1. Among DSSP bridges having both ends in chain A, what percentage is antiparallel? Round to the nearest 5.
2. Cα axis of helix B:131-146 to longest principal axis of chain B: angle in degrees, 0 to 90, nearest 10?
3. Calculate the spin-label point distance for B:GLU145 paired with A:ASP147, positioning each point 7 Å from the Cα along the beta-carbon direction, and give it in nanometres.
4. Can you work out the FRET efficiency for the pair A:GLU349 and A:GLN245, with r the C-beta to C-beta distance and R0 = 30 Å, to the nearest 0.05?
5. Any idea how far apart A:GLU410 and B:GLU154 come out in nm if each label point goes 7 Å out from Cα toward Cβ?
6. Return the percentage of antiparallel bridges among DSSP beta bridges fully within the stretch B:149-254, rounded to the nearest 5 %.
7. What percent do you get for the relative contact order of the stretch B:149-254 when only Cα pairs under 8 Å and 6+ apart count?
8. At 20 °C and 1.002 mPa s, what whole-number value in µm²/s does Stokes-Einstein give for the translational diffusion of chain B, with Rh from the Kirkwood sum over Cα pairs?
Amino acid sequence: MTGGRSHDKPEYIRLGEADRSALFSSGLEYNPPARGMWNIVHTGMLVPGAHEIFACAQGCLRGVILTAAEMLTLDRMSWISVSESDMFDGTLESDIIDGVEDILGRIGKRPPVVLLYLSCIHLFAGVDFEEIIRELSARHPDITFVDCYMTPTMRKTVTPVMKMSSQIYGALKPLPLNRKAVGIVGCDRATDQDSELVRMIRNSGCEYRDIALCKSYEEYLGLAECYLNISCIPTGILAGEELEQRFGAKHLHLPARYDPEGLRENYRRLAEALEIECPDLSVEEAEAERALCEARQVIGDTPVAIDYTAVTRPFELGLLLIRHGFNVKYIIADTASGEEDPFDRLRAEAPDILVYSSVNVNMLDMPEREHERILAVGQKAAYYFSTDNFVDIVVNGGLYGFTGIRKLAELMREAALEPKDKRRLISHKGWGCASCLG
Amino acid sequence: MKNVSGIIPCYAADTSGVCSALYELGGMTVVHDASGCNSTYSTHDEPRWYDMRSNIFISALTELDAIMGNDEKLIEDTVSAANDRAPRFIAVCGSPMPMMTGVDFDAVAAEIESRSGIRTFALHTNGTRSYIEGASEAFLELVKEYARPCSKTEGGVAVLGLTPLDFPLGADKEIRRWLSENGFRCLSALAMGDDLGSVGALPAAELSLVVSQTGLAAAEYLKEEYGIPYVCGVPFGKEFAVHLAAYMKDIIKQNMGCSPVMEPCCGFEDADTVVIGEGFFAGSLTAALREDMNIKALPLCTLPAYGPFKSLIGGEISAEEDIKAFLEEKKPGTVIADPLFRYIVPKETRLIEVPHFAFSGRCFQRDMKNMINTDIKEYFK
């Protein structure tokens, strides 16, 4: 293999030698052409009827506007461009207020919600965002204005994705909590209806609510009734916590796990919160086991590469697969944050796995390197290891629990047997969203 | 308000212009911006990203480094990446946050060059201007840096201002073919299908052909430094392509100092057709429509315009409200423009869609038309 150790900043490291507190040293970054992950535009569009207004520099606007254009929602997006002088002439807040006024006059509709996004430079300049929201709300009492943030420079404090996953609930108004309504929050897509998680909620006599399922603004407002909100992915935690603070709805973080014991613990906690007896899920667990074995038979010793965009716990998935005889050779992840325990176990059980950075500059040549036939889980793994045999999901693809493991195993089996049109699929921006690219 | 848009997109920004201009030349371009911000360029402004590798990277600027003025990290990381990538040159450019903190990119470039031993230059983008400014500065810097005096090549032409932001992929081959068919020799086509080596030979050209505003500053530099005249225009259509080639020969023959303006680009005030887009594109298509199809058109440049072209192709009308007002006042029968202008073209006006990558990105890439030295009647009948 070329590259790696000979480089100033190696793009991969043997798992057995990896320090999970800092897998790779930071440096310049490359951006591979795998576009399935959602951004703050996609997430904002989950609010039914919302109109997004971005105020930022042209360079920042470009990406968000064309995200909307590609997903065929340009009619729900407007913008205010910010010039150099705007930042220093004392009109920071009034420029935005005037710009929003102008836009509301142009778009020929009264959206129930305006998601107003400011950028890094506004926050850096100390913009008074509260005053902007207050003023606009006073002028337009029929519209709810929500402060949103396109602040990638501040990503170490709070990531834009995590913040956006919370702000999409910003337009909710307090309602009496409904003991029969349970929400799953902070995820871009609805959780699989077959999953034990959703079935347990429904079987408890509760209604499962999710912003991804809301068809109308009224339905969206009904999310505030949920007496219990569950987050399943790390970027959804803030949403659950903030809803707990605002409305008193209990928040439960039940991460999408690939560890049977972890899942059983999740279900015990859920049953307790739902005040029901924890159901017997041994059938689902056995089906997951069987699916893994069947997939292993088909995939054989073909090396497997997992990337962090496909699943939120790539090291835990690696551990599960290793324990079922899969030849997991590669994991693409820049951090092991949040899965320290599975990382340590995997390191002990499979120290020869190579962990690749997703952004290291030397990954630029990765697709051209000589690769054996690889089965990839995730778009970035498919691209970097140059394989058409891949599972095309992002952020767990809505899968959860034993049913999720079963379905993922089935997807792996299918991927091994049927190559995909990699270029077309990974070029599609926002997995699951509409696209003008066809 | 001029800085507001209800629905139409903005053009690609200056940083994308830099990256696009330098993409194929074997250098390393570093945009000083936050992690992930490079996806705008690589997704929406760069159609070569999937198939052609280029060392275009982002510095992954953080809040702490911005506040603390930690330029050292940018310098160190760039030198480290240069060690791994061995680029032929390094270009560093800025974005909105470095604009706020006042990063001295010239000093940063000097430090990187000193430590890496690789020629490094700064490009002064801040993410608030259009790709025209960024690509223009990049081309100018390249020519200043690498062009060297050399003897003239008979019929030698330097094509300047060629990027996929303004031209479909393969346009370089069409222009080269057209030049060859007309007895010219293309010495360089900055910067598609070209390499850094050919930049050095630019002064051998007898003429520069400037195909977009992004090439104008470099052309003016070559004229001032090496006495190379330039002609602006794109050989759209058949008749106009012939006319343009003849015009270029005249310029060379008469040894004119500079003939910057193609006369047919002026447009017609009583035109019933408006061509919207980058200035040289709009002007050249206007000329081609007249010569090939006897259609009177008026170019409307919705991007910044410079030099002697400002009065001919506009550059003042770029805001959504102004473009809309212009069209409502003119009431043209036909507008030729990118498909995403459809939202502000009057209902009774026919829109002929000609995708412009710098405007709609990859949305309509599959529909981009090659109009160079080819019959355009089918497109505009």
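A short reminder: the numbers here are calculations on the coordinates, not readings from a lab. Since the model is a prediction, treat every value here as computed from it, not as a measurement. All Cβ positions, glycine included, derive from the backbone under ideal geometry; neighbour counts span all protein chains shown.
1. The antiparallel fraction comes to roughly 10 percent.
2. Once rounded, one gets 70 degrees.
3. With each label point 7 Å from Cα toward Cβ, the separation is 4.2 nm.
4. 0.15
5. So the two model labels end up 7.4 nm from each other.
6. 0 percent
7. Once divided by the residue count of the stretch B:149-254, the mean separation gives 31 percent.
8. 101 µm²/s
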